[in-house]
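Enquirer: To start, I am sharing the structure in question, which I have written as structure tokens.
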């Protein structure tokens, strides 16, 4: 795989999928803009990758000014942005009756509004050049919900909807949209969300961070536009929720 010196902006680049994707981009010959709130981690990655291959821009995607500075720093330093990977996100899992609404507000601010802010910051540049790619890191939880995942799934459902709308709106502009939808992967996300709160039903779509990063990098290399579930049979898990909802509810009662 060769990214041919492409400029790839990765949010949430300090750990998990984001760090793996950034590492893969550099290995494949790309250059990366590392965006996350943890400046120390970003600076260590730049020291590892080399200043000619990487730029660290401490960014809080929930803050409009911070996102504007990310776009400005990218264009000043590298002159362009070929790919934006909207990876920043987090989850807090709990039953709807017990969950803290403040957690929903924070997840919406990062998982949904943050991704939209970043997209709007880079999209005018991509449209002017008539080329570019927006990669949205959603989740299979954005297609089907499970126990304890009501709030988190709501944010990912929103991101799926926004991504699909973008695909329609950007057709013919030269800007592509790839919607990545992983199942449950062993990253720091699980530690933050609480491992015990993932239902057995959701674990039927287990995958690995390395697999998610590899599939995402492949989509970047090919300039993919479309929806990619990881694992591929995640479609079956998601689609089963719609034609027979009563059977799906029974299934969740049995395997939760």
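Enquirer: Just need a number here: residues in segment 135-159 that are surrounded by fewer than 20 Cβ atoms within 10 Å (Cβ to Cβ) and modelled with pLDDT of 95 or more.
Expert: Narrowing segment 135-159 to residues surrounded by fewer than 20 Cβ atoms within 10 Å (Cβ to Cβ): 147, 150, 154, 157-158.
Filter once more, so that each one left must be modelled with pLDDT of 95 or more: 154, 157-158.
So the answer is 3.
Enquirer: May I ask you to say which residue of 132, 174, 89, 114 is closer than 26 Å to residue 55 by Cα, surrounded by fewer than 16 Cβ atoms within 10 Å (Cβ to Cβ) and modelled with pLDDT of 95 or more? Talk me through it step by step, then tell me what you get.
Expert: Working: 132 fails: surrounded by fewer than 16 Cβ atoms within 10 Å (Cβ to Cβ); 89 fails: surrounded by fewer than 16 Cβ atoms within 10 Å (Cβ to Cβ); 114 fails: surrounded by fewer than 16 Cβ atoms within 10 Å (Cβ to Cβ).
Going through 132, 174, 89, 114 in turn, the sole match is 174.
Enquirer: Looking only at segment 105-118, decide whether some residue is in a strand (DSSP E or B) and closer than 22 Å to residue 140 by Cβ.
Expert: Within segment 105-118, the first condition is being in a strand (DSSP E or B), and the residues that meet it are none.
Scanning segment 105-118 turns up no residue that is in a strand (DSSP E or B) and closer than 22 Å to residue 140 by Cβ.
Enquirer: I've got another one for you. Could you tell me whether residue 62 is at pLDDT 95 or above, surrounded by fewer than 17 Cβ atoms within 10 Å (Cβ to Cβ), out of contact with any strand residue (DSSP E or B) (no Cβ under 8 Å at 6 or more places or on another chain) and under 24 Å from residue 156 (Cα atoms)? Walk me through it before giving the result.
Expert: On the way: at pLDDT 95 or above: yes; surrounded by fewer than 17 Cβ atoms within 10 Å (Cβ to Cβ): no; out of contact with any strand residue (DSSP E or B) (no Cβ under 8 Å at 6 or more places or on another chain): yes; under 24 Å from residue 156 (Cα atoms): yes.
Considered against the rule, which asks whether it is at pLDDT 95 or above, surrounded by fewer than 17 Cβ atoms within 10 Å (Cβ to Cβ), out of contact with any strand residue (DSSP E or B) (no Cβ under 8 Å at 6 or more places or on another chain) and under 24 Å from residue 156 (Cα atoms), residue 62 comes out as no.
Enquirer: As an exercise: evaluate residue 189 against (1) at pLDDT 95 or above; (2) assigned to a helix (DSSP H, G or I) and give the number of the one condition it does not meet.
Expert: All conditions are met except number (1).
Enquirer: In segment 37-59, what residues are surrounded by fewer than 20 Cβ atoms within 10 Å (Cβ to Cβ), closer than 24 Å to residue 106 by Cα and in contact (Cβ under 8 Å) with a residue 24 or more places away in the chain?
Expert: 38, 41
Enquirer: Taking only pairs six or more apart or across chains, which ones have beta-carbon atoms under 6 Å, a first residue in segment 1-29 that is on the phi < 0 side of the Ramachandran plot and modelled with pLDDT of 95 or more, and a second residue that is in a strand (DSSP E or B) and surrounded by fewer than 24 Cβ atoms within 10 Å (Cβ to Cβ)?
Expert: Listed pairs, sorted by first residue: 7/31.
Enquirer: Restricting attention to segment 84-104, which residues are under 18 Å from the mean Cα position of the chain (by Cα) and either closer than 21 Å to residue 177 by Cα or not in a loop (DSSP other than H, G, I, E, B) (or both)?
Expert: 84, 85, 86, 87, 88, 89, 104
Enquirer: If you take the residues in segment 210-236 that are crowded, with 20+ Cβ neighbours inside 10 Å and at pLDDT below 95, which one is nearest to residue 146 (Cα to Cα)?
Expert: Checked segment 210-236; the qualifying residue nearest to residue 146 (Cα to Cα) is 234.
Enquirer: Quick one: would you say residue 34 is buried (at least 24 other Cβ atoms within 10 Å of the Cβ) and either under 30 Å from residue 148 (Cα atoms) or in contact (Cβ under 8 Å) with a residue 12 or more places away in the chain (or both)? Walk me through it before giving the result.
Expert: On the way: buried (at least 24 other Cβ atoms within 10 Å of the Cβ): yes; either under 30 Å from residue 148 (Cα atoms) or in contact (Cβ under 8 Å) with a residue 12 or more places away in the chain (or both): yes.
Criteria met by residue 34.
Enquirer: Looking at (1) in contact (Cβ under 8 Å) with a residue 60 or more places away in the chain; (2) under 23 Å from residue 217 (Cα atoms), which is the one condition that is false for residue 92?
Expert: The failed condition is (2).
The values are calculated or read from the model by the stated rules, or taken from the named source; none is laboratory data. Values in this document were obtained by computation on a predicted structure and should not be read as measured data. Methodologically, a virtual Cβ is constructed for each residue, glycine included, from the backbone with ideal geometry; neighbour enumeration extends over all protein chains shown.
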